[in-house]
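One structure is given below, encoded as structure tokens.
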Amino acid sequence: MPARNPWDGASVPGGSSGGSGAAVAAGQGQASIGGDCGCSVRNPAGLNGIFGMRVTHGRVPTTGSVPLSMTMDTLGPLARSLEDLAAMLGVIAGYDPLDITSSAARR
């Protein structure tokens, strides 16, 4: 069964991270991670009434994810509040030597 927007059950939750967005909006978790190449974090956030952020490329390591585009894909947080979004970003951001796109720049 496909994921649905928890607010009306008939609408799509938006993008490839729509399931993550719908789960957070439905209260099944405070936060989640989505992959964003073409609005796949931002659309679920907007359509499900939660917060989402496309991070600067290299800010969050993509180790273990399967990219659509090595130069465009990012992983970003989805959360029920801005405070949770900031906390989630603080946990997932940072340098990973196993990720060739990861940035070692200071936060």
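Between D96 and S65, the distance separating the two model label sites (each 7 Å from Cα on the Cα→Cβ line) works out to 0.9 nm. Each semi-axis of the equivalent ellipsoid for the chain is √(5λ) with λ an eigenvalue of the Cα gyration tensor; in descending order they amount to 25, 15, 10 Å. Computed from Cα positions, the angle between helix 82-92 and the longest principal axis of the chain comes to roughly 40 degrees.
I need the calculated FRET efficiency for the pair R106 and Q28, taking r as the beta carbon distance and R₀ as 22 Å, to the nearest 0.05. That gives a FRET efficiency of 0.05.
Placing unit charges on the Cβ atoms only, positive for Lys and Arg and negative for Asp and Glu, gives the chain a dipole magnitude near 140 debye about its Cα centre.
Neighbours of A23, meaning other residues whose beta-carbon lies under 12 angstrom from its beta-carbon, give a summed charge of +2 when Lys and Arg score +1 and Asp and Glu score -1. The Cα center of segment 86-107 and the Cα center of segment 1-50 differ in position by 23 Å.
No lab work stands behind these numbers, since they all come straight from the coordinates. For clarity, every value in this text was computed on a predicted model and none was experimentally measured. Neighbour counts are summed over all protein chains in view; Cβ atoms, including those assigned to glycine, are modelled from backbone coordinates with ideal geometry.
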